[in-house]
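Beneath this line is the structure, given in C-alpha cells, with notes to follow.
The values are calculated or read from the model by the stated rules, or taken from the named source; none is laboratory data. The shown structure was predicted, so the numbers you read here are calculated from the model rather than taken from an experiment. No Cβ is skipped: glycine too gets one built from the backbone with ideal geometry, and neighbour counts run over all protein chains shown. Quick note on the areas: whole protein, heavy atoms, side chains included, nothing else; ligands and nucleic acids left out. Shrake-Rupley method; radii C 1.70, N 1.55, O 1.52, S 1.80 Å.
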Amino acid sequence: MRKALRLARKGWGLTSPNPAVGAVIVRESQVIGEGWHTAAGRPHAEIEAMRSAQAEMTGATLYVTLEPCSTHGRTPPCTDAITDAGFKRVVISCLDPNPKHAGRAVEILEERGIQVDVGLEEKTAAELNEAFFCWIRHRRPFVLLKLAMTADGRIATAGGRSQWITGESSRRRVQKMRQWADAVMVGAETVRQDDPSLLVRTPQSWSRQPLRLIASHSGRLGSSPQVLTDERGEARMVGCETPEEWHELLLQLGKEGITALLVEGGGDLAAAMLNAEAVDKVAFFIAPIVLGGKGSRPAVGGHDPTDLVDARRLQDAEMRRCGEDFLLTGYLSNVHRTD
C-alpha cells in the first residue's frame, strides 16, 4: 500500500477535480502491475495497473489507495474491470468520501465473491486527497493558509519589504503547494509590495497553472502588476466583507471545480479569512531570524483580541525542518477526515 501511495503522489496537482490514486497488483508475493491516475478523464489507477500487468491476474490481490468507482462517469466503473480480471482480494486504503457511494464498491465486490479489506494506511491516503474529500462533501475548496514569517511572527518590515524571509528549501516547498492548488489568493497589499506572479515557476513546463485571485476592496493594485498583465492565466479581483460573503465565494469556486485554494497572505487577508472561519489548514514557514519593531507587519493582522480564549488552537499540529527554516502545519477544521 505504501508503494501505491508513492504512485498516487505522481499525480500531485495534475488530477483535479479527481483524486490522486495509486494501485499495485500482487500475485504470489510478486508485484506484477502498477499504475496511477494521471489526469481527469484519463483511466483510473486500477485500470492503468491492470494494463501494465506482467502476468495473469486471476487470483491476484489489488492494493488501491481509494475505493474503486462503482458508477459510470467519464470512464466505466472499475468494479466491473476488477471482477472481469479475476482478482481474489482487494485492499482499499480509504473509502469514497461521497456518502452516496462510500462502501458501495465494497458491497459490490464482496457480493461477487472477492475478499475486501479496508483501512490500511487510511490516514495517509485521506491527507493526500484532503482537498478532494472537502470538495466532495461540502462543495467548496479546501483552504490552506500559507505564510512565511520570522521567529517573532513578522512577515515584512514596516515599509513592506519581505523578500526573502525564508530560504530556498521553503520556497521550493511553496512551489509544490502551488502545483497542488487550483487557485491561489493574495491580498492587494501583497500585490502592491511584491508584484508576485502567483504562478508555478518550478518546473517551468508546468501545464496546469492556478486561477489567481486578488482580494481587494479598492481595486488599486499599483502600476501594471504582472498578475493582471502577463497573460499567463486568469486573474480575478474579489472582495468579501462578512463571513457569509467569504463562504459564498468558496461555494462559487466549488461550483467551478476548484477543489484546493492556497492563500498566501498578507496579514490582513489572513485575519479576515481566519475570522470568517474560512481556513481549513495552516502552513507557517518560520525563519530562524528575529526582526523586531513595533511597526513590522504581523503574520496575522486584524483587530486586537481581548482575551486568550479568542485564540485558535491548531489540531494535529506538526513542526518539521525545511532547510534552514521550520514548517508548522495544523488544522482548523476536520472537513477532510474519513470518520
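For region 204-339, the antiparallel share of DSSP beta bridges with both residues in that region comes to about 75%.
For ASP117 and GLU245 in one chain, what is 0.36 nm times their gap in residues minus the Cα-Cα distance, to one decimal in nm?
On the way: separation 128, 0.36 × 128 = 46.08 nm, distance 4.29 nm.
Length gained, ASP117 through GLU245: 41.8 nm.
Peptide packing: for 24-33, 156-165, the average count of neighbouring Cβ atoms within 10 Å per residue gives the ranking 24-33, 156-165, highest mean first. Can you give the angle from 0 to 90° between the axis of helix 168-180 and the longest principal axis of the chain, with both taken from C-alpha atoms, to the nearest 10? It is inclined by approximately 60 degrees. Considering only ARG112, ARG139, ARG201, the Gaussian network model of the chain with Cα springs below 10 Å gives its largest mean-square fluctuation to ARG112.
Taking the Cα atoms of the chain, the ratio Rg/Rh between the radius of gyration and the Kirkwood radius comes to 1.02. Once the Cα-Cα distance is subtracted from the 0.36 nm per residue extended length, the ASP84 to ARG201 segment shows a gain of 37.8 nm.
Per atom type, the chain shows carbon and sulfur on 48% of its accessible surface, probed at 1.4 Å.
Using a cut-off of 9 Å between beta-carbons, work out the net charge of the residues near ASP182 (Lys and Arg +1, Asp and Glu -1, ASP182 not included). It works out to a net charge of 0.
Counting only protein heavy atoms and a 1.4 Å probe, region 262-339 has 57 square angstrom of accessible area per residue.
Using the Cβ-Cβ distance between GLN30 and ARG139 with R0 set to 56 Å, the FRET efficiency from 1/(1 + (r/R0)^6) comes to roughly 0.85. When restricted to Cα atoms, region 195-276 yields an Rg and a Dmax of 13.5, 38 Å, respectively. For the chain, adding -39500 (n - 2.57) for each run of n ≥ 4 DSSP H residues and dividing by the number of residues yields -7500 deg cm²/dmol at 222 nm.
For the chain, give the share of DSSP beta bridges that are antiparallel, in percent and rounded to the nearest 5; count only bridges with both residues there.
Expressed as a percentage, antiparallel bridges in the chain total about 45.
Percent of Cα pairs in region 28-70 per distance bin of 5 Å, from zero to the largest separation: 6, 22, 32, 23, 12, 5, 1.
Considering every Cα-Cα pair within region 1-121, what fraction, in whole percent, is farther apart than 19 Å? Walk me through the numbers on the way to the answer.
Details: 2799 of 7260 pairs.
Cα-Cα pairs of region 1-121 separated by over 19 Å account for 39 percent.
Largest first, the extents of the alpha carbon coordinates of region 291-332 on the three principal axes equal 33, 27, 13 Å. Toward the positive end of the charge dipole of region 57-166, with +1 on the Cβ of Lys and Arg and -1 on the Cβ of Asp and Glu, the farthest Cα among GLY86, THR61, PRO141 is that of PRO141. The Rg/Rh ratio of region 151-208, with both radii computed over alpha carbons and Rh defined as the Kirkwood radius, is 0.98. The modelled label-to-label distance for the pair VAL290/ARG321, using points 7 Å beyond Cα in the direction of Cβ, is 2.3 nm.
Taking a straight line from the alpha carbon of LYS123, these aspartates and glutamates sit under 18 Å away, with near neighbours fewer than eight places off in the same chain left out: GLU67, ASP96, ASP280, ASP316, GLU318, ASP339.
Mean projection of the alpha-carbon convex hull of region 224-330 over all orientations, in nm²?
Answer in nm², one decimal: 9.8.
From the P(r) of region 63-122, could you give the percentage of C-alpha pairs in the tail past 19 Å? Across region 63-122, Cα pairs with separations above 19 Å total 20 percent.
Relative contact order of the chain: 17 percent, from C-alpha pairs under 8 Å at least 6 residues apart in sequence. What residues from region 120-160 fall in the zone where the backbone N is under 16 Å from a label point 7 Å along the Cα-to-C-beta line of THR75? Flagged as within label range: none.
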